[in-house]
């Protein structure tokens, strides 16, 4: 009874061409985004994650605040 | 977890361009998109046990990203009353090439779609996912994805028909002048 015809209502004659046009523009827009160069921050993030996983590769990295157990000397006042 | 750390790293790295594109269309700005990508990469790394080798890594990561986005989004909405649609209107970077006026129009029209419709359209029409994969990514039924895509197309067609009615008619085949597709010539 209610308007279920909304989705498959026949649209004017422009439809096939417009639809193809929309498809092309969508892909064009997306391709533009996909072809942007990957920022270095992501590469270094992944490298960090990797080196954390395999500690043999990296020596001690001071930057990682991961475990505080090793240095109990710094007590906040 | 079946992937060794170096393989996982390479696999994730390879997905970044697609992830970013989806992130931009979700969040509406490059900066927020990149934060979202970063968050997604960290989560994916931490929960790589949850990935089944042989299934689509991209779909898995899109799912993580989408969930991350919506939980952040809800949080943000509580903090700041974010004007919806404003973010959407700023969607994606400015076109790299000039001379694509109607691409700019298109981007705007896309930005005005309701988020669920835009997302479905992008997953199906641009990212190349199947309806099944898109349904899984969005956590909804396949039929729901289909009807969102249909509604998105209808809405875009209405808008394009209005905004570019004059340009259409005989010119339609010229739209992508670089690669005139024979399919257009009936």
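Some observations on this one:
- For the residues B:135, B:120, the requirement of being crowded, with 21+ Cβ neighbours inside 10 Å, touching a helix residue (DSSP H, G or I) at 6+ places or on another chain (Cβ under 6 Å) and either modelled with pLDDT of 80 or more or not assigned by TED's automatic domain parsing to the domain that holds residue B:71 (or both) singles out B:120.
- Which listed residue, of B:8, B:12, B:3, is in contact with a helix residue (DSSP H, G or I) (Cβ under 7 Å, 6 or more places away or on another chain) and not in a helix (DSSP H, G or I): B:3
- Qualifying residue in the range B:31-43 (condition: surrounded by 21 or more Cβ atoms within 10 Å (Cβ to Cβ), without any contact (Cβ under 8 Å) to a residue 24 or more places away in the chain and within 14 Å of chain A (Cβ to nearest Cβ)): yes
- Residues of the range B:1-10 classified as more than 7 Å from chain A (Cβ to nearest Cβ) and over 14 Å from residue A:38 (Cβ atoms), total: 6
- Listed by first and then second residue, the pairs linking a residue in the range B:112-131 that is more than 10 Å from chain A (Cβ to nearest Cβ) to a residue that is part of a loop (DSSP other than H, G, I, E, B), with Cβ atoms under 7 Å apart and 6 or more places separating them unless they lie on different chains, are B:112/B:85; B:123/B:129.
- Of all positions in the range A:40-53, at least one carries a residue that is at the interface with chain B (Cβ under 7 Å from one of its Cβ atoms) and modelled with pLDDT under 80.
- Count - residues of the range B:16-30 that are in contact (Cβ under 8 Å) with a residue 12 or more places away in the chain and either more than 15 Å from the chain's Cα centre (by Cα) or within 10 Å of chain A (Cβ to nearest Cβ) (or both): 10
- Residue check for residue B:28: buried (at least 19 other Cβ atoms within 10 Å of the Cβ) and modelled with pLDDT under 90: yes
The values are calculated or read from the model by the stated rules, or taken from the named source; none is laboratory data. Everything quoted here is computed from the prediction, not taken from an experiment. Every residue, glycine as well, gets a Cβ built from its backbone with ideal geometry; the counts of neighbours run over all protein chains shown.
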